[in-house]
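Presented below is the structure to which this report refers.
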Amino acid sequence: MADTRTTKPAASSREWNAHAYHKLSAPQVSWGKKVLARLHLRGHETVLDAGCGTGRLTGELLAALPSGRIVGIDLSQDMLRKAQEHLRPQLNSRVSLVACDLLDLPFGCVFDGIVSTAAFHWVLDHNLLFTNLHSLLRPGGWLEAQCGGGPNLALLRERVGALMNVRKFRAFFSGFCEPWLFQTAEEGAETLGRAGFVNVSTSVEAAPTVLDNAREYREFISNIILRRHLALLPAEDLRTAFIDKLVEQAADDTPPFFLDYWRLNLSAVAG
Ligand SMILES: C[S@@+](CC[C@H](N)C(=O)[O-])C[C@H]1O[C@@H](n2cnc3c(N)ncnc32)[C@H](O)[C@@H]1O
């Protein structure tokens, strides 16, 4: 079984520790449920879950589509294996899980709707992303999504930026760029419009998240937020020292172990 307590990095930049994500993703699942609550489903639609992860929300969506179909796609094989296991009791011909990149999609224009939660900010080219998604939707098809946006994690990112510059770590981060794109509501709306979407509505909302204790904070930032940073540190003692410093700083916050999450909501229709 995968060990979620260490700072051991995933094998490649596209891979996740899916076991850890499945266990730690209560914040993402609670935000995602609010996105699913925005849907007006008739129950027979064909829907894409773009960046489905371990399938916790894909399962909820399936339950709302008693005679519909869902295709869950993800770049990470480990996430898809976990999704397969999680959805096993619900798996039937109405659900497919497909390994692919949101920037290179193998589908035609077959979907009535697209749902995506906590995934788009990991894709750095939103022009191509939204153009690709638009091409999958039947005329009048809809997109309901949420990802990180606005000043997402500004406090943590500032601390991480300073830490990456410390002599002990600096050489390992030479040329490193943040692995996320956090658009503002205005940027998100413009990008969707350029891709051909209409009836576009976007907003950024605060989603402050407080984790219970140092252990939970360590696991969360190691396995979810900073997995790509840790993958660049070549030894366990370096990874531990990097995370130790951030845990120490978070312990002094008010409240302790606080993450300054902000979410970008995206709603649009294929024009
Ligand atoms: C934080 S997880 C969110 C999973 C799930 N939607 C949820 O809300 O729990 C982000 C997911 O997006 C996937 N992802 C990131 N970039 C991707 C890309 N270019 N194509 C497909 N999936 C991608 C990751 O592999 C990961 O499973």
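Working only within segment 53-71, note down all residues that are within 18 Å of the chain's Cα centre (by Cα) and either more than 24 Å from ASP101 (Cβ to Cβ) or without any contact (Cβ under 8 Å) to a residue 60 or more places away in the chain (or both). Answer for segment 53-71, where residues must be within 18 Å of the chain's Cα centre (by Cα) and either more than 24 Å from ASP101 (Cβ to Cβ) or without any contact (Cβ under 8 Å) to a residue 60 or more places away in the chain (or both): THR54, GLY55, ARG56, THR58, GLY59, GLU60, LEU61, VAL71. Scanning segment 101-151 for residues that are over 18 Å from the mean Cα position of the chain (by Cα) and hydroxyl-bearing (Ser, Thr, Tyr) turns up THR131, SER135.
Restricted to segment 56-88, and to residues that are assigned to a strand (DSSP E or B) and within 13 Å of the ligand (Cβ to nearest atom), which residue is nearest to TRP16 (Cα to Cα)? Walk me through it before giving the result.
Filtering segment 56-88 for residues assigned to a strand (DSSP E or B) gives 69-74.
From the residues that got through so far, the ones that are within 13 Å of the ligand (Cβ to nearest atom) too are 70-74.
Working: ILE70: 22, VAL71: 20, GLY72: 16, ILE73: 14, ASP74: 11 Å.
Taking the candidates together, the pick is ASP74.
Where helices (runs of 4 or more DSSP H) sit wholly within segment 186-271, those with at least 2 residues that are under 21 Å from the mean Cα position of the chain (by Cα) occupy 214-220, 227-230. Taking the condition within 16 Å of the ligand (Cβ to nearest atom) and under 13 Å from LEU266 (Cα atoms), does ALA207 pass? Taking the combined requirement at face value, the residue does not satisfy it.
Of all residues in segment 163-180, those that are outside any helix (DSSP H, G or I) and open to solvent by 50 Å² or more (accessible area, probe 1.4 Å) total 7.
When residues in segment 156-167 are screened for being aliphatic (A, V, I, L, M) and within 19 Å of the chain's Cα centre (by Cα), 1 of them pass.
State whether one or more residues within segment 37-55 are part of a helix (DSSP H, G or I) and within 12 Å of the ligand (Cβ to nearest atom). No: zero hits. Candidates in segment 227-237 are the residues that are in contact with a Ser or Thr (Cβ under 9 Å, 6 or more places away or on another chain) and open to solvent by less than 30 Å² (accessible area, probe 1.4 Å); of these, the one that is farthest from GLN183 (Cα to Cα) is LEU233.
The values are calculated or read from the model by the stated rules, or taken from the named source; none is laboratory data. No experiment lies behind these values; they were computed from the predicted model shown. Glycine gets a Cβ as well: all are built from the backbone with ideal geometry, and neighbour counts include every protein chain shown. Surface accessibility is based on the protein's heavy atoms, side chains included, excluding ligands, DNA and RNA. Shrake-Rupley method; radii C 1.70, N 1.55, O 1.52, S 1.80 Å.
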